[in-house]
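So the structure is just underneath, and the comments pick up after that.
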Amino acid sequence: MVDILKVEQLKGGYSHNKPILHDLSFQVGGGELVGLVGLNGAGKSTTIKHILGLMEPFSGTVQVGGHTIKEGVTDYRSRLAYIPETPNLYEQLTLKEHLEAAAMAYGLDKATYEERMPQLLSLFLMENRLEWFPGHFSKGMKQKVMIMCAFLVEPDLYVVDEPFVGLDPIGIQAFLDLMVDMKTKGAGILMSTHILSTAEQYCDRFILLHEGRIAMQGTMDELRERVGDPKVSLHDIYVSVAKGEEPWKK
Amino acid sequence: MEKIETLWSRRLSEHWQMTSRYLKLLSNSGFMFTLYILVIGGGYFYQQWVKGLPENFPTEWILLVLFSFLIIRSPIRTLLRSADLVFLLPLEDKLNGYFKKASVYSFVLQSIPLIFVWAIALPLYSHTVDAHFAVYGVMLLILLLIKGWNVICSWQENYVLESMSYKGVRAVVSLIFIGLLLFEAPWYVLVLLALIAIGLTFFLFQPLGRSHLLKWEVLLEVEEQQAARFDRFANLITDVPHVKNRIKPRRYLNGLTELFSYGTSSVYKRFFSKTFFRFGDYFGIYLRLIIVGSIAIWMVSGEWSSVIIAVIIIYLTAVQLLPLWNAGQVEEEPIALYPIPERMRRKNFLAIFMRLLMLESLLLGIISCLVGISIPYALLILVIGILFSLLFTYGYVSRRLQKNKDIYE
């Protein structure tokens with residue numbers, strides 16, 4: 001399997017004296033949905049910032065499609081799409097203009113853009129909102145706009161930060177379906193979330209972050225094997241890790 | 001919790017503390033100096049200009065527009081905050097006193113520009129309409145009464161969501177009243193109109209407050225708009241952290257922004273042009289400066305002076321447009337959103353910036369032609385304006401923007 005995202009011994013944070021991330025190593029392969037799980041403050045957002053190239057690693061590397069961001073910022077960034085936790089929309093652009101800007105920025109040709117756009121709109125029941133400004137959108141609708149922008153450009157890698165909060169059931173289902181769809185097309189997805197039941201159901205592998213280190217990672221079966229309990233849920237493993245119990249030592 | 005009666009005075013003193021801080025900054029900046037120059041220079045030319053005016057100059061019509069605008073626009077400054085929607089909502093009944101004080105405050109505050117305009121127009125009025133000061137003095141009193149009536153009705157309009165028709169009635173009555181006043185209609189016509197206004201107050205506007213509930217969100221919106229107006233003004237001089245900009249769709253201008261073809265290199269051309277048209281007050285300032293420039297060129301009517309005025313106006317526009325670079329950004333990490341090099345973003349910004357200045361040069365050139373500047377000098381305005389736009393954009397702005405760099409660039 002090709003690694004779309006490869007993080008090797010990443011050490012990083014805001015200050016060299018106090019690194020937040022310690023020695024993170026993981027991969028996201030093509031056709032794989034990986035869940036990034038951890039408490040508030042475990043380092044999920046910092047990890048994501050390093051992947052996006054908003055922060056520089058102190059040591060270690062982050063590669064997308066085999067290249068680091070230093071080899072070419074634009075090329076690196078056009079391989080990935082990011083769906084932030086808090087939707088960031090330009091107040092002065094309509095829904096349609098957001099989609100168009102994303103399509104143009106990622107170099108999508110016009111025909112593809114015009115083909116994909118109506119499909120996404122109907123999936124998220126937003127057809128009648130094309131000319132609306134974000135000021136009139138609820139939080140969930142804004143989230144939908146971010147999701148549509150990401151899936152419109154169909155990059156190799158999706159980086160998704162807590163997508164479920166605020167989305168309505170139709171939105172959640174459409175989002176999950178799209179992720180499965182993109183996986184089968186060969187994209188890799190890294191998704192940070194607290195909704196563990198959904199994560200357990202949809203993610204192929206998990207990375208459990210605790211205090212800036214990877215406590216455990218692997219498929220559900222691998223996690224269960226390490227804990228030594230074939231029926232335990234992701235929720236229970238996660239709670240146990242979060243309490244600092246190091247369940248694999250039991 | 002403190003008593004509800006003292007809430008207004010506390011809010012007001014807090015508000016003025018904030019405001020005076022910015023006013024102090026304003027008075028210390030070069031802006032005030034420019035303003036002094038404008039006032040002194042403008043005053044001189046104004047005197048000269050008035051002396052040369054014919055008797056049939058349409059002073060009344062000009063004053064009608066100015067006074068009507070200042071009188072009919074009567075938003076109530078409530079000093080409400082968004083948290084009040086939660087905490088003060090249960091006290092709606094007890095807030096009558098608070099809102100009364102707010103209405104009085106709004107009246108006083110909005111009367112100041114009215115009195116200013118009245119005073120500035122004094123020489124104009126006495127030269128072209130009526131030299132008796134008493135007539136013009138009484139007029140101010142009546143104007144203030146109409147203003148007061150507008151504030152009272154404007155407050156009542158806050159009880160309904162669809163207040164356009166009420167605003168319409170108020171605007172039409174005020175307009176007719178001011179018009180009749182300026183054209184010196186007989187006193188009984190004015191009395192009749194005053195009676196109509198009083199009748200409307202009791203039978204149309206007052207019942208709103210009795211039969212509806214206060215629309216808090218409208219109040220808050222009006223308050224925030226007014227706060228934003230001042231903040232935006234202060235923001236021209238200094239950085240106001242909490243500036244919340246409003247957007248105006250201005251859909252009729254969409255065609256212009258769509259001129260930039262579909263493609264990666266157009267993303268930020270479209271972005272900046274749309275931001276310019278819709279966000280904050282950039283488009284408004286641009287238009288206003290062109291209008292001010294045109295009026296100045298028309299009033300001074302000199303050949304070289306019109307060129308100098310044009311360049312000053314273009315320079316002022318350029319300075320006002322600079323913050324467009326950061327305008328309308330999302331809160332965090334704008335660069336993460338689109339895989340477009342910062343270099344390209346800068347290039348696109350400069351392209352839009354320069355085009356706006358060049359367009360302004362062209363407009364000023366055409367307008368000077370229309371107000372009687374000879375064609376060679378109008379052409380000179382165009383050429384010097386374009387040269388200035390080029391130099392300012394690529395000599396100054398581009399260097400300033402170089403400082404913003406992506407960490408990986």
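Rule-based calculations on the coordinates, nothing more; no lab input. Because the structure is predicted, anything quoted here is derived from the model rather than measured. With ideal geometry, Cβ positions are generated from the backbone for all residues, glycine too; neighbour counts draw on all protein chains shown.
Before moving on, here are some points about what is shown:
- When the residues of the range B:281-290 are filtered to those that are touching a residue at least 40 places away in the same chain (Cβ under 8 Å) and among the aromatic types (F, W, Y), the one that is nearest to the other protein chains (Cβ to nearest Cβ) is B:Y282.
- The set of residues in the range A:136-173 being touching a strand residue (DSSP E or B) at 6+ places or on another chain (Cβ under 7 Å) and among the small types (G, A, S) consists of A:A150 alone.
- Any hit, the range A:106-117, residues being at the interface with chain B (Cβ under 7 Å from one of its Cβ atoms), farther than 18 Å from A:G166 by Cα and not charged (D, E, K, R): yes
- Qualifying helices (runs of 4 or more DSSP H) (wholly inside the range B:20-115; at least 3 residues being more than 30 Å from B:L175 (Cβ to Cβ)): B:30-51, B:84-87
- Taking the criterion of being facing chain A (nearest Cβ under 9 Å) and not in a helix (DSSP H, G or I), the residues of the range B:249-278 that qualify are B:P249, B:Y262, B:G263.
- Top-ranked residue in the range A:53-104 [being crowded, with 18+ Cβ neighbours inside 10 Å and of a type in the set (F, W, Y); ranked as farthest from the other protein chains (Cβ to nearest Cβ)]: A:Y76
- Residues in the range A:86-138 that are closer than 18 Å to B:F272 by Cβ and aromatic (F, W, Y): A:Y90, A:F133.
- Lone unmet requirement of (1) crowded, with 21+ Cβ neighbours inside 10 Å; (2) more than 14 Å from every other protein chain (Cβ to nearest Cβ) for B:G328: (2)
- Applying the condition of being surrounded by 22 or more Cβ atoms within 10 Å (Cβ to Cβ) and farther than 15 Å from B:F67 by Cα to the range B:136-154 and asking which residue is nearest to the chain's Cα centre (by Cα) yields B:S154.
- Taken together, B:L182, B:L208, B:L161 contain a single residue that is surrounded by fewer than 17 Cβ atoms within 10 Å (Cβ to Cβ) and of a type outside the set (S, T, Y), which is B:L161.
- For the range B:279-316, a residue qualifies if it is over 15 Å from the mean Cα position of the chain (by Cα) and under 29 Å from A:Y90 (Cα atoms), and the qualifying residues are B:I314, B:Y315, B:L316.
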